[in-house]
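S.K.: Before I ask anything, let me first share the structure, which is written out below as structure tokens.
Values in this text are rule-based calculations from the coordinates and carry no lab data. Just so it is clear, the structure is predicted and the values come from calculations on it, not from any experiment. Cβ atoms come from the backbone with ideal geometry, glycine included; neighbour counts cover every protein chain shown.
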Amino acid sequence: MSLEELCKAVETGDQDKGKDLAQKLVEGGTDPLQIIAALTKVMDEIGEKFARLEIFLPEMMMSGEAMSKVVGVLTPHLKAGGGGEPKGKVVLGTVKGDLHEIGKNIVKLMLQVGFFEVRDIGVDADPITFIKQAEEFGADIIGASSLMTTTMPHQKEMIDILKDEGKRDKYKVVIGGAPTTVEWAEEIGADLYAPDAGSAAKLFTDLLKK
Amino acid sequence: MSNPYRLWEIQGRSNTGPFCDEDEFLPKIFAPRLREIVNKYEIKYDPKTPVPTDDKMADRIWQAGWELFREVGLYNTDTHRIIKLSDEEITEALYATSDRYWVGAGKDAVLWKHRSVEDTEPPFCIYSPDCTCSEELFYSYCLAFLKEPLLDGFCAPILEESMGQLIRSASPFEINGCTEHIYKMRLAAKQVGRPGTFFVAVGTAEHDTGQIAVSNNDWGVRTTDSRIIGTLTEFKTADTLLNRAVHCAQYGCYSGNLTGPIYGGWCGGSEGVAVALVAYSLNGLCIYGTQYNQHFPFHLNWGSNTTRELLWPISMAGQAMARNSKLLYTSNGFANAGPMTEMLFYETACHALVSVVTGWHLWEMASTRNKFRNRATPLEARLGMEVGHAVARQGMKRGQANEIALKLLSKYEANAGDAPKGAEYQECYDVAKANPTQEHYDMYRKVKDEVAKLGVEFPF
């Protein structure tokens, strides 16, 4: 039982072994923050390999799921020690009329392993649903994905409704998806354009510092 | 018999097939099963050979795709159930389908036939920019494409606005945009003297309501035209897509199954993409009842398919289907570079060459990864189709195609991740006359002459 073994379990996507080892390590007195730091390094390396497509999505998702399970084990210990607060809360979905999910799901995983709390509202989500879910969840950020040109206007529609309801300043709005661009984000008044999943956690973190 | 195959028996499985939590379908069912199948059939990607000549591996890929389709099926995200077929049903559907269709109307009708590996019959050429365009350029775009001599079918760009208002999917604006879309296509076809041209329309419709609203043999999408029905990546469908399949069957128009398996995504690498392409084709035939398949496998990071990790699965899946079925399927190019760049011409030539020698028909060309408005033109597609005709007419073999493909790849592959965006349509075409500018034409001619020197024997 060692931190190296735990890192290996996360790298290979072995959820059960990861949970088991994390539990034993923390009960054996290993600082949960030290565990998180080591696993964060592992996930960074996995993220870089995935960005270069040296590994593919199934492997990256398995590692991410294993990491999420380990974080679940460690969270009570982190909170007991006064740490482990999420970086922020995100409501994430694909806009109305659009059924594509792969990009949104990768972003979700990247945010979760980057210590964001994410509420995934799925695909074909109405602008009002984004806003209501953000209200209920106490979100800091609303992330809206679109993969079709004709569904991009729903990103704008959501921002327009936020303005109309006087809630625009309450949330940071991030948009992304294959046909979207930084110019479109600026045109519709989004706070951030997310060009890819790999950079999402860092960009979201920076956004909340503004 | 013409498709659709056992329409209501298959549709009914949306309600009666095995239940599955959507979160589990891809990671727990699809990805591990595909990985097992790739290993079982010993499918191996070789980056040095974008056009392999391994007939046995092509046959194994066919078997692997069949097994994947039978084992995994198609997931309906509305009912959370999986539509599955038996070996007997797949065999029956493959036997019953036709290997040729007359498409289009009158003097402009064309016979579209199954192709074999190294076939000397030219490919069926569908021209499509695959991009969105400004409303004021749409009509010129239609004219420019419909003037292309080798055009057998046409899919127009996607309108972003209609009557100056943004088109929002599933709204009345989408129906209005679809109406404008097909009317302008019809008028353009008439003006250039090809009124019966086979259309794949309308791309402006993301929702089923937009598609269904323009089915009309007088002014709209005719029964001699085609619709595209998408499959969600990977191996998922939804009622809005099945609605289209039923509508096409009952209206009586042609339909194609649109799929984009992702290299680096749930399919894994090149081997998984090749197997998925075969499986998707069986899905199109058996579940959507389509007469052809329209495939655009693409790279997760770049959104293109002109690099070798995508050319290999295109090549292998093409051979697998050519050797083992009588299906019709188009290879949809996605290039990294934009219009009026030499890189785009090289990419298109390479994609067309590899596709045609391995049994595909052509659907060219999504320039600039179809991401940017107005950044595609008929001229790159023209070069692709001319390469396709030349490759077939001269009876090019796979070995020679492989050598030429490697030479073409050396001209652009290193720049795939950082390709030039090039020009917009109105910057390299005379919009009023719908002809390429001299500068643009000269660049096309220069690259065409270079490709000819590599061994492609253009008829003109």
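S.K.: If I ask for residues that are buried (at least 16 other Cβ atoms within 10 Å of the Cβ) and either of a type outside the set (D, E, K, R) or farther than 11 Å from B:Tyr346 by Cβ (or both), which ones from the range B:406-419 would you list?
M.R.: Selection gives B:Leu406, B:Leu408, B:Leu409, B:Tyr412, B:Ala416, B:Ala419.
S.K.: With respect to B:Thr77, is the statement that it is in contact with an Asp or Glu (Cβ under 8 Å, 6 or more places away or on another chain) and either over 17 Å from B:Ala279 (Cβ atoms) or of a type in the set (A, V, I, L, M, F, W, C) (or both) true?
M.R.: Values: in contact with an Asp or Glu (Cβ under 8 Å, 6 or more places away or on another chain): yes; either over 17 Å from B:Ala279 (Cβ atoms) or of a type in the set (A, V, I, L, M, F, W, C) (or both): yes.
Yes.
S.K.: Which of the following residues is on the phi < 0 side of the Ramachandran plot and in contact (Cβ under 8 Å) with a residue 60 or more places away in the chain: A:Leu192, A:Leu207?
M.R.: Residue meeting the stated conditions: A:Leu207.
S.K.: Here's another thing I want to ask about it. Wholly within the range B:394-460, which helices (runs of 4 or more DSSP H) include no fewer than the required count, namely at least 3 residues that are within 19 Å of B:Ala376 (Cβ to Cβ)? Don't jump to the end; show me each part of the working.
M.R.: Working: elements: B:398-412, B:425-428, B:438-453.
The qualifying helices (runs of 4 or more DSSP H) are B:425-428, B:438-453.
S.K.: Kindly check whether there is at least one residue in the range B:46-62 that is closer than 28 Å to A:Ser63 by Cα and charged (D, E, K, R). Write out each step before concluding.
M.R.: Step one: of the range B:46-62, the residues closer than 28 Å to A:Ser63 by Cα are B:46-47.
Then keep just the ones that are charged (D, E, K, R); that gives B:46.
So far as the range B:46-62 goes, yes, one or more of its residues are closer than 28 Å to A:Ser63 by Cα and charged (D, E, K, R).
S.K.: Select, from B:Glu364, B:Glu309, B:Glu380, the only residue that is away from every other protein chain (no Cβ under 14 Å), touching a His at 6+ places or on another chain (Cβ under 9 Å) and not in a loop (DSSP other than H, G, I, E, B).
M.R.: Answer to the selection: B:Glu364.
S.K.: Hey, could you check the range A:56-75 for residues that are more than 9 Å from every other protein chain (Cβ to nearest Cβ) and not hydrophobic (A, V, I, L, M, F, W, C) and say which is surrounded by the fewest Cβ atoms within 10 Å (Cβ to Cβ)? Show your work before the answer.
M.R.: As a first pass, look at the range A:56-75 and keep what is more than 9 Å from every other protein chain (Cβ to nearest Cβ): A:60, A:63-64, A:66-75.
Still in the list and also not hydrophobic (A, V, I, L, M, F, W, C): A:63-64, A:68-69, A:72, A:75.
Details: A:Ser63: 29, A:Gly64: 23, A:Ser68: 15, A:Lys69: 19, A:Gly72: 11, A:Thr75: 17.
Here the residue is A:Gly72.
S.K.: Only one of B:Ala337, B:Ala349 is under 21 Å from B:Gly395 (Cβ atoms), over 15 Å from the mean Cα position of the chain (by Cα), buried (at least 24 other Cβ atoms within 10 Å of the Cβ) and of a type outside the set (Val, Ile, Thr). Can you tell me which?
M.R.: On the way: B:Ala337 fails: under 21 Å from B:Gly395 (Cβ atoms).
Among B:Ala337, B:Ala349, only B:Ala349 is under 21 Å from B:Gly395 (Cβ atoms), over 15 Å from the mean Cα position of the chain (by Cα), buried (at least 24 other Cβ atoms within 10 Å of the Cβ) and of a type outside the set (Val, Ile, Thr).
S.K.: Going through A:Leu33, A:Leu53 one at a time, which residue ends up being surrounded by fewer than 21 Cβ atoms within 10 Å (Cβ to Cβ) and not in a helix (DSSP H, G or I)? First the steps, then the outcome.
M.R.: Working: A:Leu33 fails: not in a helix (DSSP H, G or I).
It is A:Leu53.
S.K.: Okay, next question. For the range B:66-87: of the residues being in contact (Cβ under 8 Å) with a residue 40 or more places away in the chain and charged (D, E, K, R), which is nearest to the other protein chains (Cβ to nearest Cβ)? Working first, answer last.
M.R.: Initially, the range B:66-87 is screened for residues in contact (Cβ under 8 Å) with a residue 40 or more places away in the chain, giving B:66, B:68-69, B:72-85.
Applying the additional criterion that residues be charged (D, E, K, R) yields B:78, B:81, B:84.
Working: B:Asp78: 10, B:Arg81: 16, B:Lys84: 21 Å.
Selected residue: B:Asp78.
S.K.: Exactly one of (1) crowded, with 21+ Cβ neighbours inside 10 Å; (2) in contact (Cβ under 8 Å) with a residue 60 or more places away in the chain; (3) at the interface with chain A (Cβ under 10 Å from one of its Cβ atoms) is unmet by B:Leu241. Its number?
M.R.: (2)
S.K.: Another question, if that's okay. Among the residues of the range A:95-124, write down those that are hydrophobic (A, V, I, L, M, F, W, C), part of a loop (DSSP other than H, G, I, E, B) and touching a Lys or Arg at 6+ places or on another chain (Cβ under 9 Å). Spell out how you get there, then give the answer.
M.R.: Filtering the range A:95-124 for residues hydrophobic (A, V, I, L, M, F, W, C) gives A:95, A:99, A:102, A:106-107, A:109-111, A:113, A:115-116, A:118, A:121, A:123.
When the remaining residues are screened for being part of a loop (DSSP other than H, G, I, E, B), the result is A:99, A:115, A:121, A:123.
Answer for the range A:95-124, where residues must be hydrophobic (A, V, I, L, M, F, W, C), part of a loop (DSSP other than H, G, I, E, B) and touching a Lys or Arg at 6+ places or on another chain (Cβ under 9 Å): A:Leu99, A:Phe115, A:Val123.
S.K.: For the range A:139-195: of the residues being among the small types (Gly, Ala, Ser) and more than 17 Å from A:Val107 (Cα to Cα), which is farthest from the other protein chains (Cβ to nearest Cβ)?
M.R.: In the first step, residues of the range A:139-195 are kept if they are among the small types (Gly, Ala, Ser); the result is A:139, A:143-146, A:166, A:176-178, A:185, A:189-190, A:194.
Subset that is more than 17 Å from A:Val107 (Cα to Cα): A:166, A:185, A:189-190.
Values: A:Gly166: 24, A:Ala185: 14, A:Gly189: 15, A:Ala190: 16 Å.
Per the stated criteria, the residue is A:Gly166.
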